[in-house]
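Here is the structure we will look at.
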Amino acid sequence: MNLLTLRKFAHYLKQTPPLKLRSIYRIADNLFKIDINGDLFFVDLSKGKSTIFITQETLLCSKVYQAPFDKSLQKYCFNSWIVDAKVDGNNRILQLVLETKNSYKTSQVVLQAEFTGKNTNLILLDSKNIVLDALRHLTKEQSFREVRITKPLLPLSQPTNTPMLKEEGELFATLENNFKILKAKDLQAKIAKSSAHLSQKIAQLQYHLESLEDKNALENNAKKEADLGQLILRNLYLYPDFKGREICLENEKITLPPQAHSLSHTAQIFFENSKKLAKKAKNIHLQTRNLE
C-alpha cells in the first residue's frame, strides 16, 4: 500500500460532518468490504500485497465469517461515525477513530489497519490503546509486538529512513487502479502456478516416454522365451524327475525361474513370458502415442 495514497485516503475520511461507517464485513480470509456513507471500499490485508481498492465488479463472499473477530467488528464498528482518521507517521498504518452513540452513552474505539508488508493486521482498540480484538493475535513468542486481547498495543517504531513518497494521482482513480494491479498479480500467480504444474507434468511424461522399452528388443526377448520353452519340451522326456535349478539342453544352459517347480512348469513360464512380451511389443506404439 502506497504511503502517500494512504494519507490521501485518511484525509478523505476525515470530513465534517463525519462520515458514517455503516458496516464492515469479511468477504475472504483477509479481504474486508466497508460501506462508508453508501460507498464501498475494500481492504485487502493479505501478507505481502496489502492494499485498499474500489471496484464496480461484484465481489462475492466466499463464505459467512462468524469468528469472534467478525462479531467484534459488528459490535464496535457498525453504524459508527468516523470522527478522526490519520496515518501513523511514516508507517503504513491507518487509524480510524469511530464513535457510536445510544441513549445511554457515547463510546469510541480505534480501528487500526496495518499494511506493513508481512505483518498486516486489523486491530480494534479502546480509547486507552488496549486491544479489544484483532484479525491476527500475536504472542510475545511470535513477535516483539504483542497483539492480545486486554493487553496494550505497543506503537510500531518509525522507519529510520524517510520513505520515498510516490505520487499515484487522484485518490479514487488510484484506488480503482489498485484493484486492477491486484487482479493482474493474482492472474500472474495463477499462470506461474499452472505453468509450473504443466512443466512438471511434461517432465514426467517425457521421463516415461524415454523409459519405454524398445519394440525390437521386446520382440527378440519374446522369441527367446518361446524358443527356450520349445527346447525344454523337446527334451522333457529325457529328464522326467529333474530337480535342479540349472540344466544344459542342446548346448544351451538354462536357469530355471525361482518359482518353477519342474521342467514342464519352467516351459509353461517361458511361454507365458513370451506372450506377455509379444503383447507388450505389439502395444508399445499405443503407449508412445498416448505419452506424446
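Read-outs: derived from the displayed coordinates by stated rules, not from any lab. Predicted model, so just to flag it, every value in this text is computed and none were measured. All Cβ positions, glycine included, derive from the backbone under ideal geometry; neighbour counts span all protein chains shown.
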- Obtain the nm distance between the two label points defined at K33 and N251 by a simple spin-label model: each point lies 7 Å from its Cα along the Cα-to-C-beta direction. 8.9
- Quick one: length gained pulling M164 to K282 fully straight, 0.36 nm per residue minus the C-alpha distance? 35.5 nm
- In the Gaussian network model of the chain, springs joining C-alpha atoms below 10 Å, which of D70, D241, D214 carries the largest mean-square fluctuation? D241
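First select every other residue whose beta carbon is under 14 angstrom from the beta carbon of K71; then total the charges, Lys and Arg +1, Asp and Glu -1.
Result for the local shell: 0.
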- Item | Amide N of segment 117-147 lying under 18 Å from the label point, which is placed 7 angstrom from the Cα of A67 along Cα→Cβ | 117-125, 131-140, 142-143, 146-147
- Message: Contact order normalised by length for segment 215-291, with contacts defined as Cα pairs under 8 Å and 6 or more residues apart; what percent is it?
- Response: 45
- Query: So, counting K/R as plus one and D/E as minus one, what does the shell of residues with Cβ under 15 Å around L153 add up to?
  - Reply: +1
- Query: Can you list the aspartates and glutamates whose alpha carbon sits under 19 Å from that of K190, skipping same-chain ones fewer than 8 residues off?
  - Reply: D29, D44
- Task: Could you check which residue among P258, P17, P155 shows the biggest mean-square fluctuation in a GNM of the chain with a 10 Å Cα cutoff?
- Result: P258
- Task: Might you report the magnitude of the Cβ-based charge dipole of the chain about its Cα centre, with Lys and Arg at +1 and Asp and Glu at -1, to the nearest 20 debye?
- Result: 660
- Sequence of Y207, Y239 once ranked by neighbouring C-beta atoms within 10 Å, starting from the fewest: Y207, Y239
- Item | L19 long-range amide H proximity, modeled H, under 5 Å | I82
- Using the Cβ atoms and a cut-off under 15 Å, what net charge is assigned to the surroundings of L286, where Lys and Arg are +1 and Asp and Glu are -1? +3
- Query: Hey, got a sec? Which GluC sites (Glu not before Pro) in segment 31-117 land in a DSSP loop and have at most 14 other Cβ atoms within 10 Å?
  - Reply: E57
- Query: List the aspartates and glutamates whose alpha-carbon lies under 20 Å from that of K280, not counting same-chain residues fewer than 8 positions away?
  - Reply: E210, E213, D214, E219, E225, D227, E272, E292
- When a footprinting reagent is the concern and you count Cβ atoms within 10 Å, what order do L60, L154 take, fewest first? L60, L154
- Set of lysines with alpha-carbon distance to K183 below 22 Å, sequence-local pairs under 8 removed: K33, K47, K49, K63, K118, K166, K193
- Query: Under the classification rounded if a/c is under 1.5, otherwise prolate if a/b is larger than b/c and oblate if not, where does the chain fall, given a ≥ b ≥ c as square roots of the Cα gyration tensor eigenvalues?
  - Reply: prolate
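Can you give me the relative contact order of segment 165-271 as a percent, contacts being Cα pairs under 8 Å and 6 or more apart?
On the way: 47 pairs, mean separation 22.7, N = 107.
Computed value for segment 165-271: 21 percent relative contact order.
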- Query: Say we join alpha carbon atoms closer than 10 Å with springs in a Gaussian network model of the chain; which of N177, N119, N220 then has the biggest fluctuation?
  - Reply: N220
- Shape call for segment 215-291, from the Cα gyration tensor axes a ≥ b ≥ c (a/c under 1.5 means rounded, otherwise prolate when a/b beats b/c, else oblate), comes out prolate
- What shape does segment 137-204 take by its C-alpha gyration tensor, where a ≥ b ≥ c are the square roots of the eigenvalues and a/c under 1.5 counts as rounded, a/b above b/c as prolate, and the rest as oblate? oblate
